[in-house]
Ligand SMILES: [Zn+2]
């Protein structure tokens, strides 16, 4: 066993525990900030095809180039999520970055989400999930998003209860360390986060039906990020207890566990 195998051991042992309990460890994958076809996007799409893992690609509506929709045509494994509107930061000095924080009137924000949703209609596989840039938003917008037909908001870390017919379907494992290296967060640490979330679900500390979300940003990946994605798919798609599900499947399991 080489050191790489050792690093993956906790995750595989956790999946074995799910298997022993007769449960499926559901996982889902979100990648943010797509606006155009790029070599990095194609590299990610090759992973999707090779491992047949569904991807939730968060696309920035007001920045996208016309050829992205045709590029993603006939790729049913790639769902398009709504990533803010312009991905512009309206936070004031001292606040953390946010496009959909409470800095601007709610009505204005809802006009943007409505327009963004209209723009994304050109995608064959657009799904009604709103991904607020920087994973930060003022939750007062939730009922308005539900009225626009959105079924979920996807942010980061523990999901909150939202008012209105809309839920949070978050990611919990970010493969990038934004504060330290702005590159891969590290193999041991990332495997540990994934394992800990799965274990908490299995032990009933978190809702077992809420899929564990892995978050990537293809335009910011270094070699470590790419190697991790390839390895996590290679080591999980063949495991009988691991199942990568689509973003809307992840939402459905929260709506009706
Ligand atoms: Zn983003």
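Read the figures in this text as sums done on the coordinates, not as results from a lab. Remember, it's a predicted structure, so these values are computed and weren't measured experimentally. When we count neighbours, we look across all protein chains shown, and the Cβ atoms used for this are built from the backbone with ideal geometry, even at glycine.
Find the residue count for the range 14-37, including only residues that are touching a residue at least 40 places away in the same chain (Cβ under 8 Å) and over 22 Å from residue 154 (Cβ atoms). Walk me through it before giving the result.
Within the range 14-37, the subset touching a residue at least 40 places away in the same chain (Cβ under 8 Å) is 14-19, 21, 23-34.
With the extra rule that they be over 22 Å from residue 154 (Cβ atoms), the set shrinks to 14-19, 21, 23.
Here the count works out to 8.
From the list 154, 177, which residue is at negative phi and touching a residue at least 24 places away in the same chain (Cβ under 8 Å)?
On the way: 177 fails: touching a residue at least 24 places away in the same chain (Cβ under 8 Å).
Just one listed residue meets the conditions, 154.
Table: residues versus (1) touching a residue at least 24 places away in the same chain (Cβ under 8 Å); (2) surrounded by fewer than 20 Cβ atoms within 10 Å (Cβ to Cβ).
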| site | (1), (2) |
| --- | --- |
| 61 | yes, no |
| 94 | no, yes |
| 103 | no, yes |
| 108 | no, yes |
| 114 | yes, yes |
| 124 | yes, yes |
| 136 | yes, yes |
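Please determine whether any residue of the range 23-33 is over 24 Å from residue 173 (Cα atoms) and either away from the ligand (no atom under 16 Å from the Cβ) or within 19 Å of the chain's Cα centre (by Cα) (or both).
We begin by selecting, within the range 23-33, every residue over 24 Å from residue 173 (Cα atoms); these are none.
Taking every residue of the range 23-33 in turn, none turns out to be over 24 Å from residue 173 (Cα atoms) and either away from the ligand (no atom under 16 Å from the Cβ) or within 19 Å of the chain's Cα centre (by Cα) (or both).
Just one of the numbered conditions (1) touching a helix residue (DSSP H, G or I) at 6+ places or on another chain (Cβ under 8 Å); (2) in a loop (DSSP other than H, G, I, E, B) is not true of residue 179; which one?
(1) is the only condition that residue 179 fails.
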